[in-house]
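Engineer: To start, I am sharing the structure in question, which I have written as structure tokens.
The values are calculated or read from the model by the stated rules, or taken from the named source; none is laboratory data. Computed from a predicted structure; not experimentally measured. Cβ coordinates were reconstructed from backbone atoms using ideal geometry, including for glycine residues, and neighbour counts include every protein chain displayed. What goes into the accessible areas is simple: the full protein's heavy atoms, side chains included, and nothing from ligands, DNA or RNA. Shrake-Rupley method; radii C 1.70, N 1.55, O 1.52, S 1.80 Å.
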Amino acid sequence: MKCIYSICLLLSMFCVQTTFGQTQSFNLSASVAGATGVGLQASKKAVNSNRTFKIKAPDRQLSPLTGMTRKHWKDAGIYLLEGAFRHVKTLDDPMSFTKQPGKSYPRDGKPNATEKMEGLCRTMFIAGPLLKEQPDLTINGIPLGKYYRHQIALMLDSQSITYIEPRTKNGGPSQKLVEFGGLAASLLVAPEIFWAPLSPEVKAKLYATMMSYGDGPTIGMNWRYFNIMILSFYKSQGYKVNEPLLKDLLEKSLAQYDGQGWYNDSPYYDYYSMWAFQMYGKIWSEFFGKKYYPEYAAHLEKNFDDLQDNYPYLFSRKGEMIMWGRSISYRMGAAVPFPLMGFKTNPNINYGWMRRIASGTMLQFLQNPDFLNDDDVPALGFYGAFEPAVQTYSCRGSVFWLGKLFLGLLVPADSPFWTAKENEGAWKSQLQAGKVYNKFTKKSNILVTDYPNIGASEVRAWCNSKTVGVYQGTENYTRLSYNSTFPWQADGQNGEVAMGYVFKTDKGSWEAMRMFAFKGYENGVYYRDGVFASNDQVKLNLAEITLPNGILRVDRNVSSETATIRLGHYALPAIKGNIKRESRRIKGHQVEIIDNGVYQLALVTLRGWDKTEVINAKGLNPVAQNSSIIDVEDHFVPGNADDLYITLMLWKKSGQKWLDTELLPVKEINFTPDKGIVNVSFYKGGPKVIDFNRIKIAPEAAK
């Protein structure tokens, strides 16, 4: 059985399971067997929880919440490297791991040097900081420094199975550029370990090979940093580099900054803003930029400082990150900006909270029994193996991009990041139970929400994809919102959908809405327009209001064609036996409740929906093989009197009874169709006005 929640969370939660009455629900189909593609969730036997990371002698004085100190971070790094080096018996053995069934590469069953390169260069993010403090570090009988230097030399040997050839004259950007960029970062921060001991011959070959990529083409997104790191490292070592290109790439990367900590990754917003733009920018500045290009470094430093505005609020009270965006197998790497704040002392930063978040994110995965596969290497997925979350550009070694969090160990031991007493920051001092808090970023249009009642964080961000690609137009971006407590669930072939819209196409298949145009955030209302990619005549005005225990959706169907449309709540994984259900009616409104023994979800239809359904799904959820969701459906016909969908999506911890006033916090709704105005009054709190007439369908959303 898979479990999203850490052991500590499970022990602290209510365990009472409410006995529900007769469930009155519909079935979407006779069988809900899986999502697009058979066997979405990689099969593996349960992992023994004794193999999860254990905190030895936790320090409850310095870190009362996690027990984690700098020493325990080093222990965690060794724990991960022990799993990786289980696959290395001699210095000649490549850093190669068991292929996970599914779409990850290599898919032809043949040896692949790039795959091995990923395992090598990405584990160096963990090994480098450890070796700087303990150069003779040995794991599983392998001296790490000697191993990495030997493997670097083998990468340059044309007779080696790990040989990486220089970029051809007309060769374009490739995965090799990515890995050489990562290698350059490790060379830059630990040259005494990975570079200085190399022979002159190896250094010359490595320079020629790496520069063939670094001085070559790249992609106009976070990839520019791979070239930047290569060019910068060799300049730091006195080699001739293309400085005009280096400056051009720096300026273009800086131009992608949209404020309040967020870089636009052409055109996405996700964790790449942090583990690529912000992390690389900070490392570059500290180990190179301040000396060679102080003006660029100062600009990057200012952008880095900006992320304090909202990024800490994107993590749950326990420090858990949200399953959101592509490459989520990199997991805890998302927390790397927090330790890097410790390179300087800023009185405006609560370093104890920053460490609590970073340590909590680390433990979110290291203490999850599904994190490691049977080969002691992290699975491709979020907690365990989860095929819908895997991109084709990933191999098994790709997961060690998460090792970037351990670059935080480069921060000196006397930094306030390590010495401040751990605390809950805003969750303790600002965020009060019974309320909801929103932080809006103006240019990126990201909305970060915190729910003190359950300690969850949530995000709404960019998605506008005409087609479905490697990650474009997939569940990584198409959810209406993403929540730290309720990870996204994959869409099913039969219209099963969680926290998203789908409609039935002319071909009878179900298509997720993946084209959203942000329209505004005013008076606590987040406005978007949604258009279905295969038929731009099927479209909705979307508005949502966050509540202390959930979300109120007020959406208007402005389609010009008949369409069957579905909307889903978040999904619940079955982690404590069968998920229980309950149906109610409150003042004429249908209420469906599901409870997995840890949390409850409730969906209340206030207006516009034909039916409410509780659906069991299999193989769609990242936390457990079995899950349940509550969906609503409408068969829309243009010209019908009611084109308004009003839906309450609510939650609370299991074992807590629902009061009618909690399930129906809305007192009255008045809709003036010709003016496009919806007035909502609540039993508690002020009224809300939704004005649809000021948000027409954006032209770009219909392209």
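Engineer: Could you please give the count of residues in the stretch 548-587 that are without any contact (Cβ under 8 Å) to a residue 40 or more places away in the chain and not in a loop (DSSP other than H, G, I, E, B)?
Structural biologist: 1
Engineer: So, in the stretch 128-148, how many residues would count as being of a type outside the set (F, W, Y) and either open to solvent by 20 Å² or more (accessible area, probe 1.4 Å) or under 17 Å from G181 (Cβ atoms) (or both)?
Structural biologist: Adding up the residues that qualify gives 11.
Engineer: Need a quick list: strands (runs of 3 or more DSSP E) entirely within the stretch 431-546 having at least 2 residues that are of a type in the set (F, W, Y).
Structural biologist: In the stretch 431-546, 437-441, 501-504, 515-522, 525-532 are the strands (runs of 3 or more DSSP E) which contain 2 or more residues that are of a type in the set (F, W, Y).
Engineer: Let me ask something additional. Evaluate the following for S285: is it open to solvent by less than 40 Å² (accessible area, probe 1.4 Å), among the polar types (S, T, N, Q) and within 19 Å of the chain's Cα centre (by Cα)?
Structural biologist: no
Engineer: Here is a follow-up. Within the set of pairs 6 or more residues apart or between chains, which connect a residue that is touching a residue at least 40 places away in the same chain (Cβ under 8 Å) and of a type in the set (F, W, Y) inside the stretch 162-184 to a residue that is surrounded by fewer than 16 Cβ atoms within 10 Å (Cβ to Cβ) and not in a helix (DSSP H, G or I) with Cβ atoms less than 7 Å apart?
Structural biologist: So the pair list comes out as Y163/D157.
Engineer: Would you mind stating whether M279 is modelled with pLDDT of 95 or more, open to solvent by less than 10 Å² (accessible area, probe 1.4 Å) and within 17 Å of M221 (Cβ to Cβ)?
Structural biologist: In short, yes.
Engineer: Among (1) open to solvent by less than 10 Å² (accessible area, probe 1.4 Å); (2) in contact with a helix residue (DSSP H, G or I) (Cβ under 7 Å, 6 or more places away or on another chain), which single condition is N368 missing?
Structural biologist: (2)
Engineer: State all residues of the stretch 497-526 that are crowded, with 20+ Cβ neighbours inside 10 Å, of a type in the set (F, W, Y) and more than 19 Å from V632 (Cα to Cα); if no residue qualifies, say none.
Structural biologist: F516, F518, Y526
Engineer: Being open to solvent by 30 Å² or more (accessible area, probe 1.4 Å), touching a residue at least 12 places away in the same chain (Cβ under 8 Å) and out of contact with any Pro (no Cβ under 9 Å at 6 or more places or on another chain) is the filter here, so list the residues in the stretch 625-641 that pass it.
Structural biologist: The answer is H635, V637, P638.
Engineer: Hey, any hits in the stretch 487-494 for a residue that's of a type in the set (D, E, K, R) and either in contact with a helix residue (DSSP H, G or I) (Cβ under 8 Å, 6 or more places away or on another chain) or open to solvent by less than 20 Å² (accessible area, probe 1.4 Å) (or both)?
Structural biologist: Yes, that holds for at least one residue.
Engineer: Given the residues T612, T672, T647, which is the only one that is of a type in the set (S, T, Y) and at pLDDT below 95?
Structural biologist: From the options T612, T672, T647, the qualifying one is T672.
Engineer: Looking at A255, A208, A204, can you tell me which residue is over 28 Å from M332 (Cβ atoms), under 28 Å from the mean Cα position of the chain (by Cα), among the aliphatic types (A, V, I, L, M) and open to solvent by 10 Å² or more (accessible area, probe 1.4 Å)?
Structural biologist: A255
Engineer: Then there is this: Considering only the stretch 579-608, state which residues are open to solvent by less than 20 Å² (accessible area, probe 1.4 Å) and of a type in the set (D, E, K, R).
Structural biologist: Residues satisfying the conditions are E592, D595.
Engineer: Say we look at the stretch 302-335 and pick out the residues that are basic (K, R) and outside any helix (DSSP H, G or I); which of these is least open to solvent (accessible area, probe 1.4 Å)?
Structural biologist: The extreme case among them is R326.
Engineer: Would you confirm whether or not the stretch 226-239 contains a residue that is of a type in the set (A, V, I, L, M), exposed (fewer than 14 other Cβ atoms within 10 Å of the Cβ), in contact (Cβ under 8 Å) with a residue 40 or more places away in the chain and not in a strand (DSSP E or B)?
Structural biologist: The answer is no; no qualifying residue exists.
Engineer: Out of all the residues in the stretch 324-353, which are of a type outside the set (S, T, Y), within 18 Å of the chain's Cα centre (by Cα) and under 19 Å from G77 (Cβ atoms)?
Structural biologist: If the condition is that a residue be of a type outside the set (S, T, Y), within 18 Å of the chain's Cα centre (by Cα) and under 19 Å from G77 (Cβ atoms), then R331, M332, G333, A334, A335, V336, P337, F338 are the ones that fit.
Engineer: Something else: Given the options N264, N348, name the one that is over 20 Å from L431 (Cα atoms) and open to solvent by 10 Å² or more (accessible area, probe 1.4 Å).
Structural biologist: Only one candidate qualifies: N264.
Engineer: So P166 ticks every box in (1) open to solvent by less than 10 Å² (accessible area, probe 1.4 Å); (2) farther than 18 Å from R122 by Cα; (3) not in a helix (DSSP H, G or I) but one. Which box is left unticked?
Structural biologist: Checking P166 against (1) open to solvent by less than 10 Å² (accessible area, probe 1.4 Å); (2) farther than 18 Å from R122 by Cα; (3) not in a helix (DSSP H, G or I), the one that fails is (1).
Engineer: Checking Q432 against (1) free of Cβ contacts under 8 Å to residues at least 24 places away in the same chain; (2) polar (S, T, N, Q); (3) open to solvent by less than 40 Å² (accessible area, probe 1.4 Å), only one condition comes out false. Which one?
Structural biologist: Of the numbered conditions (1) free of Cβ contacts under 8 Å to residues at least 24 places away in the same chain; (2) polar (S, T, N, Q); (3) open to solvent by less than 40 Å² (accessible area, probe 1.4 Å), the odd one out for Q432 is (3).
Engineer: Assess whether E544 counts as being open to solvent by 10 Å² or more (accessible area, probe 1.4 Å), of a type in the set (D, E) and within 29 Å of the chain's Cα centre (by Cα).
Structural biologist: Against the criterion (open to solvent by 10 Å² or more (accessible area, probe 1.4 Å), of a type in the set (D, E) and within 29 Å of the chain's Cα centre (by Cα)), E544 does not qualify.
Engineer: Sticking with this structure for a sec: I'd like to know if the stretch 117-125 contains one or more residues that are buried (at least 20 other Cβ atoms within 10 Å of the Cβ), small (G, A, S), modelled with pLDDT of 95 or more and outside any loop (DSSP other than H, G, I, E, B).
Structural biologist: Yes: one or more hits.
Engineer: Is it the case that A42 is part of a loop (DSSP other than H, G, I, E, B), at pLDDT below 50 and within 23 Å of Q364 (Cα to Cα)?
Structural biologist: Considered against the rule, which asks whether it is part of a loop (DSSP other than H, G, I, E, B), at pLDDT below 50 and within 23 Å of Q364 (Cα to Cα), A42 comes out as yes.
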